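Chemist: One structure follows; several queries about it will come next.
Derivation of every value follows stated rules applied to the coordinates shown; laboratory data play no part. All values derive from a computational prediction rather than experimental measurement. Because the Cβ atoms are built from the backbone with ideal geometry, glycine has one as well, and the counts that use them run over all protein chains shown.
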Amino acid sequence: MTWRPFMPHDAAALDTLLAPFSDPQAVARYAEGPPRFVPGFSDLHRMAAVLLAERAPGDARVLVLGAGGGLELKAFAEAQPGWTFDGVDPAAEMLRQAERTLGPLAPRARLLQGYIDDAPEGPYDAATCLLTLHFLGREERLRTAVEIRRRLKPGAPFVAAHSSFPQTPDQRERWLSRYAAFAVASGADPDKAESARAAVEAHLNLLSPEEDEAILREAGFSGVSPFYAAFTWRGWAAYA
């Protein structure tokens, strides 16, 4: 799982956010971060695996967009021993970390450096994009969703989860403060939590849950339904 864009909405503005993911020392500590900022982080992986398995066969080929770090790849591989994966991520160092995270499971995952347009054509039995789409502006987010759906077999499941919460000025500020407060309550350094909050506020054009759900429908997915809501995070299941 990775917190970076596939096609940067504003590459210059995001440089500060993305730099640590090319730093080997920061990448080696990556697994410590998401559980402190994302409520129910491990449960999110388990729920995603359950939702995929409702329709994906026992020998499914799964596209994982934003695979750097390998945390969801490992969770999915442990849950479904017959599944194989194409994991796509732009950061080479994060893909190396994914291979280390997978360990003996690594032969079941092909790790590819690149963006959505570099993903294989499929067709896939299932796909996920976790903690990633919030880095994209609306139009690029829609295009990415269209490209994911195009690579799926008819009726195949897609699970997405990312930062999504009400975006009126007063609500945005309130929820960003809660985002930082949860991280501190989970053991994050207060200064780092505040820096993360400030970076999100300054550099990300986030959408409301209603807008995010509408994008999935506009991309051609059917049966779009929410399954995860945790402070500033939302998740949806949808079908090609």
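Chemist: Given the rule -39500 (n - 2.57) for each run of at least 4 DSSP H residues, summed and divided by the residues of the chain, what is its mean residue ellipticity at 222 nm, to the nearest 500 deg cm²/dmol?
Modeler: Theoretical 222 nm ellipticity from helices: -13000 deg cm²/dmol.
Chemist: Next question. Considering only 213, 54, 194, give the residue with the highest GNM mean-square fluctuation for the chain, with springs between Cα atoms whenever their separation is below 10 Å.
Modeler: Looking only at 213, 54, 194, the largest GNM fluctuation is found for 54.
Chemist: With the Cα gyration tensor of the chain in hand, convert its eigenvalues to equivalent ellipsoid semi-axes via √(5λ) and list them largest first in whole Å.
Modeler: Its equivalent ellipsoid spans semi-axes of 26, 21, 17 Å.
Chemist: Then there is this: Rounded to the nearest 0.05, what FRET efficiency do residue 218 and residue 54 give with R0 = 22 Å and r taken as the Cβ-Cβ distance? Could you check?
Modeler: Values: r = 24 Å, r/R0 = 1.07.
So the FRET efficiency works out to roughly 0.40.
Chemist: Return the single residue from 119, 219, 198 with maximal mean-square fluctuation; model: Gaussian network over the chain, springs between Cα atoms under 10 Å.
Modeler: Looking only at 119, 219, 198, the biggest GNM fluctuation is shown by 198.
Chemist: Related question: Distance between the C-alpha centers of the stretch 59-107 and the stretch 186-205? Whole Å please.
Modeler: 27 Å
Chemist: Related question: Can you list residues from other chains, or at least 5 along the same chain, whose modelled amide H is less than 5 Å from the amide H of residue 164?
Modeler: 233, 234
Chemist: Given H placed on each backbone N at 1.01 Å, which residues far from residue 112 in sequence or on other chains put an amide H within less than 5 Å of it?
Modeler: Result for residue 112 returns 87, 88, 89.
Chemist: Quick one: what are the phi-derived ³J(HN,Hα) couplings along the stretch 55-65, Karplus 6.51/-1.76/1.60 with θ = phi - 60°, whole Hz, x for glycine and proline?
Modeler: Ordered by residue, 3J(HN,Hα) equals 10, 7, x, x, 10, 4, 9, 10, 8, 10, 8 Hz.
Chemist: Sequence-distant or interchain residues sharing an amide H contact under 5 Å with residue 228, placed H: which?
Modeler: Amide H neighbours of residue 228, under 5 Å, 5+ apart: 235.
Chemist: As an exercise, use a Förster radius of 35 Å and the Cβ-Cβ distance of residue 189 and residue 227 to find the FRET efficiency, rounded to the nearest 0.05. Present the calculation step by step, with values, prior to reporting the outcome.
Modeler: Numbers: r = 31 Å, r/R0 = 0.89.
Here the calculated transfer efficiency is 0.65.
Chemist: Taking the Cα atoms of the stretch 103-216, what is the range of coordinates along each of the three principal axes, in descending order and whole Å?
Modeler: Projected onto its principal axes, the Cα set of the stretch 103-216 covers 42, 38, 22 Å.
Chemist: For the chain, modelled as a Gaussian network with Cα springs under 10 Å, which listed residue fluctuates most, 165, 227, 135?
Modeler: Checking each option, the largest mean-square fluctuation is seen for 227.
Chemist: Enumerate the calculated ³J(HN,Hα) couplings along the stretch 183-188 in order (Karplus 6.51 cos²θ - 1.76 cosθ + 1.60, θ = phi - 60°), each rounded to whole Hz, writing x wherever the residue is Gly or Pro.
Modeler: For the stretch 183-188, the Karplus curve yields 4, 5, 5, 8, x, 6 Hz.
Chemist: Can you tell me which of 204-210, 66-72 comes out highest on packing, and rank the rest after it, using the mean Cβ neighbours within 10 Å?
Modeler: Values: 204-210: 17.0, 66-72: 28.1.
Highest to lowest by the protection proxy: 66-72, 204-210.
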